[in-house]
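Novice: Quick one: the structure is below, questions incoming.
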Amino acid sequence: MNRIGHSDMASTKSYDGTTKESASPVSNTYISEARLRRKSMMVTEKRDPLGLFHKTPPLSKRISDLHNSGKGESYEKHSRRWIKCKLACKNISQTLELWGGNLRSIEGHQGTGVVSFFVLLRWLFGLNIVLCLITFFFVNVPVIFFNEEVYSTSLPAYSLLQTCTDNYNVTLSSDPLQQFLDFFLGTGWMEKSYLFYGFYTGSGIYVGDKSTVGFFYNFPLVYLLAVVGCMLISVFMMANHSVSAFRKSLLSGEVTNMEYVTMIFCGWDYSLSDERNAQIKSRNFKYVLNSDIQDQKFLRQRDAKMKSCGSRCGLYMIRILVNVFVIICLAGAACSIYYTSVFSSEWTAKNTVAGGTDRILVFIVEFLPSIVITVLNAVLPLVFELVIQLEHYTQEFVIKLSLLRTVFLKLSSLIILVISIYQGVISCEPKDACRSTIDTCPNVTCWETYVGQELYKLVIIDFVVIVGKVFIVEFPRRLLANKCSWRVIKWLGPAEFEIPVNVLDLVYGQSICWLGFYFAPLFPAIYVIKLIVIFYTKMLSALYACAPPNRPYRAARTNSFFMIVLILAFFLCCFPVIYSIANVEPSHGCGTFRGTLFPYTVIPDSIATLPNVAQQAYNILTSPAVTASFIIILLLLLYFCSNMRVAYQKRNKILRNKFEMESRDRQYILNQLKRETGKNRV
Amino acid sequence: MGGSHSAFTEQELDDYQTLTYLTKKEILHVYKRFYTLDPEKVNLDKNVKLAMDDIQKLPELKVNPFKDRICKVFSSSGDGEMTFEDFLDMMSVFSDQAPKNVKVEYAFRIYDFDEDDMISGSDLKEVVDRLTGEQNLSEEDMQQLIDNIFMEADLDDDEFLSFAEFEHVISKAPDFINSFRIRL
């Protein structure tokens, strides 16, 4: 167990004189070897007998050691230069750190748990900036700066394209109120903007002079590749971010055994500097300690009570009932979302503004599905929290289970919305040749833009709710708690900065972004702006309005849980996008894939224009044989890795047992020594 | 801050950067904070030793229940009085870039109240008392808690936590690095 102080920093020398592991005790710079041996013979049980604990000397001593060491001047200069370079890079990256000062002040006020939320927000901000840049440069910039080519008349589907494009007309209202409402609904002038899929045409762009060769920018292909590229980059960045957290949790394996040690030794957040919050923290600490000890007592009492089969069966019955209730709630929520969505699209088809219905009424009914989703997302978790008390779980498990149920609720509400759109509009037959709906189906000429609009409304409502909650709930509660002296108000107290709820909101917003950016390429840009506003709003809330959270936030463990949820949400949201690309016929009157059979056919068509060799290579690579063997190899690697993990955990256990046995041996030898020295003295 | 930059020679800044985990910008920032603790004394001699009470005026330390232990551990003279280099050492250990084994070593020294290189039951009791502030745990709960901790961490069953046992247990705790951190 020799450790070498700060020497991992400088490669020149170690500061305590020892450089390698040896069986003999570490030579402490302050105590000579002989004296150490004598000390171990005397053995009061208190002293660390083999002197395995080695104290790093203070900085002043290390500096003088460094100067006295005098290894070759040139060698020092070399490694010094490299170290200087590294330090300069670190200096630069520190100055460039985004929002660093803000995060530090939040940390001083609220502690590291709350800061982890803001760190996640900042990381999502970075991810969305990358996505935004990709879509902007590949999709928007060419359209802004260059004119798109007209479809060539030689195209087989040309007449179809012509009629469909003419059919797709969007009424642009001149009424200012309607224009204002259009901004939130995504209709009217918003529908014809860069935001939605329907705006983009499917031909290419000639860069440079058309008469000379120039460069033909195949727009549909680039659009598709940009979408796929964004998804791959998201996966890569998420994997990168979570790998270090996973590594720690996988290798340590026995984390659950260290509850109390973690609570005591990692209990105080050293970065806290605000006096009031520090007092709150120490009060909370006692509360948490008490509740954990109560948990233990509770478990023991419950196990004692559960000895009888009757009460155990009763408890299991209650748990099953509660779970059934939760499932019924979720099913009820799903049904209400579905029917609201269907009702909304049917009602707005019948009662249009042009037909004379009040604009505001139409506006509200259009927003109805999003409002219903948001209300359910806000109310049902509270219901779950109430109901979980009946199940008699320990406090920790209660938190995990409620979180799981809330995650399930949020993600499934998104899925139900997508399914209802699919059933209601996309798979609703009959459709005309332009793939716009006729007769019984709600009137939609461009279904991709319609999906984009629904998701856009969801984004707007979500944003309004998050910002509104800060200003309408948290600030007033803080004002009341400070000014008002009624007992009820005092008991309610100021709002708490609930980290899991906030992180889940971020995850939810990001999954809407992923779901929608195929149908509305500017979604990442909107989300970037949304994140900036949310950051500053939540920062105000953390600094001025909210009290620190009651329970200590186990940042590392819960962060990896949220990463898992984020990845799960990503794959859930990928599926509708991939399905639309591969299996649904695109509208022929709008968007960049008009005229194609399915959007993905753009790729084989472009491959067909490449030289033969490339085509052969493509055919081979996508043949079933190659892909099947690739998948099998991946599965084998996965199996191998999981076996390695089990092996490492076993080795961990063996080493721990060895350590215990060595300590026992040492204890035995020391006792023998004591007996011998005792005899000698007598 | 122009003034603080000229307070150090290039060589000193280099040494500090090599031997601590701080960048040049952070070192100068630490000097600025040290300076504000007692401007007159530091102006006269930047290697002056400041008394423990002055050091504890720092906001991050003022609210910390272990502030006296921190000062004692990092003080080179062992009595709680710190020079600038001791202060810098402290900030370096508490910074983000310090590796885990360094933080574990100093955490052990801070929590070892009787300075016998072992954490005993009374040390643990003192830690818990400091953490709970004014409202202390009942005797029974405290004993239960200490028993639980020894059950988790004390591998050789000698009712003391040696450094090896402490390190073994704390390195597994992923939240340790997050909590043992002061950023100026």
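Novice: So what's the angle, to the nearest 10 degrees on a 0 to 90 scale, between helix B:84-94 and the longest Cα principal axis of chain B?
Specialist: 50
Novice: Further question: When you look at the Cβ of every residue in B:148-161, what mean number of other chain Cβ atoms sits within 10 Å?
Specialist: Neighbouring Cβ atoms belonging to other protein chains average 5 per residue here.
Novice: Could you size up the charge dipole of the protein assembly as shown around its Cα centre, putting +1 on the beta carbon of Lys and Arg and -1 on that of Asp and Glu, and report it in debye to the nearest 20?
Specialist: 1180
Novice: Kindly put A:K538, B:K172, A:K192 in sequence by how many other C-beta atoms sit within 10 Å of each C-beta, fewest to most.
Specialist: The most exposed by this proxy come first: A:K192, B:K172, A:K538.
Novice: Here is a further query. Which FRET efficiency value, to the nearest 0.05, do you get for A:R319 and A:V235 by plugging their Cβ-Cβ distance into 1/(1 + (r/R0)^6) with R0 = 22 Å?
Specialist: Result of the calculation: an efficiency of 0.05.
Novice: Can you pull the mean other chain C-beta count within 10 Å for peptide B:165-172?
Specialist: 5
Novice: Normalise the Debye intensity by I(0) for region A:623-682, one equal point scatterer per Cα, no solvent, then take log10 at q = 0.13, 0.17 Å⁻¹ and round to two decimals.
Specialist: Debye curve over Cα of region A:623-682, log10 I(q)/I(0) at q = 0.13, 0.17 Å⁻¹: -0.61, -0.74.
Novice: Per DSSP H run of n ≥ 4, the term is -39500 (n - 2.57); total these for the protein assembly as shown, divide by its residue number, and report the mean residue ellipticity at 222 nm rounded to 500 deg cm²/dmol.
Specialist: Calculated at 222 nm, the ellipticity per residue is -21500 deg cm²/dmol.
Novice: Follow-up question, since we're still on this one. What is the fewest-to-most order of B:S77, A:S282 by other Cβ atoms lying within 10 Å of their Cβ?
Specialist: Result, fewest neighbours first: B:S77, A:S282.
Novice: Shape verdict for region A:267-392, please, from the Cα gyration tensor: rounded (a/c under 1.5), prolate (a/b greater than b/c) or oblate.
Specialist: oblate
Novice: Something else about it: In peptide B:20-26, what is the residue-averaged number of other protein chain Cβ atoms found within 10 Å of each Cβ?
Specialist: That works out to 5 on average.
Novice: Then there's this: Can you find, among A:W447, A:C428, A:V464, the residue sitting farthest towards the positive end of the charge dipole of region A:411-481, where Lys and Arg contribute +1 and Asp and Glu -1 at Cβ?
Specialist: A:V464
Novice: Further, regarding this structure: If you rank A:W99, A:W268, A:W123 by fewest surrounding Cβ atoms within 10 Å, what's the result?
Specialist: A:W123, A:W99, A:W268
No value in this document is a laboratory result; all are computed from the given coordinates. What you are looking at is a predicted structure, and each value in this text was computed from that prediction instead of being measured. Methodologically, a virtual Cβ is constructed for each residue, glycine included, from the backbone with ideal geometry; neighbour enumeration extends over all protein chains shown.
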